[in-house]
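Report on the following structure.
The values are calculated or read from the model by the stated rules, or taken from the named source; none is laboratory data. Everything quoted here is computed from the prediction, not taken from an experiment. So basically every Cβ, Gly included, is an ideal-geometry build from the backbone, and we count neighbours across all protein chains shown. Areas reflect the complete protein model, heavy atoms only, side chains present, ligands, DNA and RNA absent. Shrake-Rupley method; radii C 1.70, N 1.55, O 1.52, S 1.80 Å.
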Amino acid sequence: MQTTIGSESLKPFTRALACLCRYGDEITIHASPGWFSLSVVGVNRTSFCRFKFLRTFFERGYRIGQPSASRRRDQSGSNSRENEDELDVEELSQITGVILGKPLLAVLKGSGTDKSAERCQLEFIEGVESSLQTSEEDSMETRLVVKLFYKHGITRTHTFAISEPISTAAPALPHA
């Protein structure tokens, strides 16, 4: 999955993330072709909160999938691309994972990022099996790469580990 959050959408996104962090630490990311959601189940499993963002919320929409074989070849250095925003993507139906919310919130909220950043790029990178690793950058763990773009060409990149979700649904009500 790859998406770009514009400067006008970064503040509401950060506020939604701050709200989720009040419920619990482990935030579930769920992306499907029509929408992107962040949800959390409270520590005692008595509360649930979810924010759902439509594709139109993001600056250029978003794409779900993995870079195609031609993109992987380009990253290895045989053919360079001038514009990283234009990726060939093999489409997937949905992506789900769990990330720790407070470290992500610290990056997005710290040092006035939501006020001074021009845009934020989120990229969900699937882990590679150990037998298929081609470089040191390939990893078995799935990760979220957050790139913050500022004025004068300054870019900050942060990487967060993503784990598999235990449950993707809201907690069920007990039968009485």
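Considering segment 39-127, there are no qualifying strands (runs of 3 or more DSSP E) wholly inside with 3 or more residues that are out of contact with any Leu (no Cβ under 7 Å at 6 or more places or on another chain), open to solvent by less than 40 Å² (accessible area, probe 1.4 Å) and at pLDDT 90 or above.
Okay, residues lined up against (1) among the polar types (S, T, N, Q); (2) over 25 Å from Ser111 (Cβ atoms); (3) out of contact with any His (no Cβ under 9 Å at 6 or more places or on another chain):
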| site | (1), (2), (3) |
| --- | --- |
| Gln2 | yes, no, yes |
| Lys11 | no, no, yes |
| Ala16 | no, no, yes |
| Gly34 | no, yes, yes |
| Gly42 | no, yes, yes |
| Arg45 | no, yes, yes |
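May I ask you to verify whether Leu132 is of a type outside the set (S, T, N, Q) and either at pLDDT 60 or above or under 30 Å from Ser7 (Cα atoms) (or both)?
The answer is no for Leu132.
Scanning segment 12-25 for residues that are in contact (Cβ under 8 Å) with a residue 60 or more places away in the chain and surrounded by 16 or more Cβ atoms within 10 Å (Cβ to Cβ) yields a total of 6. Selection of first residues in segment 29-42 that are under 20 Å from Ala18 (Cα atoms) and of second residues that are small (Gly, Ala, Ser) and open to solvent by 30 Å² or more (accessible area, probe 1.4 Å), restricted to Cβ pairs under 9 Å at least 6 apart or on distinct chains, gives the following pairs, ordered by first then second residue: Ser39/Ala170; Val40/Ser47; Val41/Ser47; Val41/Ser167; Val41/Ala170.
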